[in-house]
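Right, one structure below, let's go through it.
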Amino acid sequence: MAKNDFALAFNEVLEDKQLAKDVVVSAIESAMVSAYRRAVGASTAQHVEAKLDPETGMVTVFAEKEVVEDSVVDERTEVILDEARKVNPEAQAGDMVIVESTPADFGRVAAQTARQVIQQRIREAERANQMEYFQRQEGEIVSGLVQAINAQGITIGLEMKAEGTMPNNQRIPGERLKLHDRIRAVVIEVKDGARGPQIILSRAHRNFLRRLMENEVPEIYHGIVEIRAIAREPGARAKVAVSATQQGIDPVGACVGQKGVRIQAIVKELHDEKIDIILWDADAVNYISKAISPARVSGVYLSEDERTATVVVGEDQLSLAIGRDGQNARLAAKLTGWRIDIKSLTEAAGDALAKLKGDPELQDKLKTAVEAMPQVEETLAKKAETRAITPEEFHALEAFVDRVERRMILAREEASRVEDERLAAIRAEIPAAAFSTPLTAAGIKEHIFNILTEAGYETVGQLMFDLKTNQDKVLGMAGIGPKAMQNIEESLAALTFPEPPPAPEAVEEAPAAEAVAESAPAEEMPAAEKPAERKKEAKRVVEEAEEDGEVSKDGVNLDELFSIKPEMFQSPAAPDEDSDDKKKGKKGKKKGVALEFDEKLGEVVSRKKHKRGEDGDDDSEW
């Protein structure tokens with residue numbers, strides 16, 4: 001084959017099989033090695049390698065042989081010393097060298113022998129390439145042509161000459177597909193099979209709807225609108241909860257599009273499947289109310305413990321809320337994650353009336369509802385007799401149901417809170433160290449210990465807590481009887497736990513508090529530290545300072561003045577014989593500054609005296 005002919009054929013194989021060049025070269029070289037072994041009968045233990053020139057198509061085979069001095073007995077495994085030194089000049093007899101061993105007519109033999117091997121290796125490389133590609137496409141939409149339709153499902157031809165399978169349970173019910181139809185589907189699983197990758201496709205999976213919305217709605221693709229939940233019954237109806245990640249964006253409007261063009265494109269792809277776009281809400285009541293749409297909801301009452309929502313709707317909205325064969329209620333429950341119990345207004349009123357009658361404690365808390373009971377009974381009697389009920393009577397029923405249901409929710413919450421407090425109090429009675437002490441330290445008999453560990457008990461604290469809160473839980477285990485309980489209780493009673501160390505803050509603050517108490521008794525504390533007497537003391541200090549001529553900085557407040565002259569804030573001492581002398585001593589201090597208390601500022605201010613005359617006359621202003 002001419003150089004250009006081989007290069008063209010080689011490139012054609014690369015393009016046809018969509019394979020990398022080194023993958024095909026490696027497959028051909030591996031096939032040439034197999035052809036050489038078969039042609040010369042070489043052992044599999046002998047190292048053999050082949051090199052292909054992609055430009056010319058020439059194949060050169062190299063084999064590892066032993067160096068001999070005199071004569072070659074077996075050309076397959078031996079080479080004479082002179083030939084070996086052409087490859088390795090330092091070769092000696094007995095060494096192993098890799099020398100060229102291409103047979104004379106190897107091209108023709110190889111072409112005949114290696115054809116199947118080459119095809120097999122290329123198929124393996126092609127399958128590995130397909131497997132890698134479609135594993136990356138898992139969860140994404142792919143497009144293909146319908147190639148076959150049978151009882152098990154549909155075979156779809158995909159890119160890279162791969163085939164996908166759509167089982168019947170992954171098809172949209174009622175959708176009729178024909179041969180050579182181009183359809184889109186989502187890849188839900190890729191498995192490695194004997195004949196290549198097994199690609200499972202679906203048009204019924206909720207992720208197919210998710211990917212379609214990402215393709216049709218740019219705001220979802222760019223993350224401005226987020227899909228919170230999807231509930232879907234393929235071919236019939238779907239509900240999608242969306243929310244906006246930016247202010248000022250209408251997520252429902254973005255999904256519907258102008259005149260519904262975006263959502264209609266998705267509906268058409270899904271064989272006219274109805275799609276409800278719902279605004280997601282963090283408040284479960286609002287979220288469930290919107291999920292029941294298009295029905296109007298009168299009230300939603302949640303039971304957090306049981307994760308159940310009771311939805312009350314008007315008589316004319318009941319069938320719409322439930323939907324055909326309960327479809328609307330099922331989809332709303334899937335979407336929100338709550339068990340939804342839908343009741344008509346009259347049914348809910350009858351249940352509320354029965355609850356109120358059977359609970360005297362509830363009657364004491366709902367005086368207004370008790371007063372409305374006769375009217376409710378009369379309205380329900382009219383409904384049973386199929387007589388007309390006025391809108392005012394319906395509103396009265398709504399108000400009655402709302403009062404009773406909300407009080408019941410409050411009662412459940414209060415009971416739950418009381419139970420939590422009870423459990424917390426019991427847990428507080430158990431030493432904290434018990435919850436970190438392994439059960440092995442309790443010294444319980446071995447067979448009893450094995451029963452407890454199999455039940456999930458790991459620490460002493462867990463066992464003590466359950467014995468205090470629900471002893472029957474332990475006693476009800478298989479193999480635990482009165483004697484076993486006695487052994488458990490005696491073993492736990494014999495345990496001692498170290499006392500927790502005192503808090504560091506208490507240790508550090510106690511001496512400091514004592515030091516303050518010793519150094520400054522309460523009756524001798526400066527009045528300035530008592531906010532209630534601050535203004536009184538400030539006035540006293542100002543009067544005394546003005547009288548004695550005390551000097552302070554401009555604009556000094558009470559705290560600053562106290563830091564300068566704390567003795568000025570002491571309570572006046574009893575007069576003694578030295579008081580006149582002390583007063584005279586103060587007269588000699590610097591004057592020229594007047595202190596006064598400013599009522600507006602709430603602080604002491606000073607006014608300086610400025611002399612006008614230069615001759616020393618007492619001509620001054622403040």
Margin query: Going by what's in this entry, would residue 122 be described as of a type in the set (A, V, I, L, M, F, W, C), buried (at least 17 other Cβ atoms within 10 Å of the Cβ) and in the same structural domain as residue 12 (by TED's automatic domain parsing)?
Written below: yes
Next item on the list: May I ask you to say which residue of 356, 320, 335 is of a type outside the set (Phe, Trp, Tyr), within 29 Å of residue 382 (Cβ to Cβ) and surrounded by 19 or more Cβ atoms within 10 Å (Cβ to Cβ)?
Entry: 356
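Kindly evaluate residue 367 against the criterion of being exposed (fewer than 14 other Cβ atoms within 10 Å of the Cβ) and over 30 Å from residue 280 (Cβ atoms).
yes
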Check: So how many residues does region 366-396 have that are without any contact (Cβ under 8 Å) to a residue 12 or more places away in the chain and of a type in the set (A, V, I, L, M)?
Finding: 4
Next item on the list: Go through region 28-49 and give me each residue that's in a strand (DSSP E or B) and touching a helix residue (DSSP H, G or I) at 6+ places or on another chain (Cβ under 6 Å).
Entry: 48
Check: Is it the case that residue 441 is surrounded by fewer than 17 Cβ atoms within 10 Å (Cβ to Cβ), farther than 30 Å from residue 312 by Cα and small (Gly, Ala, Ser)?
Finding: yes
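Quick test for you: out of 411, 399, 415, 424, pick the one residue that is surrounded by fewer than 18 Cβ atoms within 10 Å (Cβ to Cβ), farther than 23 Å from residue 476 by Cα and in contact (Cβ under 8 Å) with a residue 40 or more places away in the chain.
Sole residue among the options that is surrounded by fewer than 18 Cβ atoms within 10 Å (Cβ to Cβ), farther than 23 Å from residue 476 by Cα and in contact (Cβ under 8 Å) with a residue 40 or more places away in the chain: 411.
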Item checked: Some residue of region 162-185 being at pLDDT 85 or above and either assigned by TED's automatic domain parsing to the domain that holds residue 19 or under 30 Å from residue 33 (Cβ atoms) (or both) -> yes
Checklist line | Long-range neighbours under 7 Å by Cβ, at least six apart or interchain, first residue under 24 Å from residue 36 (Cβ atoms) within region 77-99, second among the aromatic types (Phe, Trp, Tyr) and at pLDDT 85 or above | finding: 98/62; 99/62
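The values are calculated or read from the model by the stated rules, or taken from the named source; none is laboratory data. Every value quoted in this text rests on a predicted model; they were computed, and no experiment measured them. Ideal geometry is used to build each Cβ from the backbone, glycine not excepted, and the neighbour counts take in all protein chains shown.
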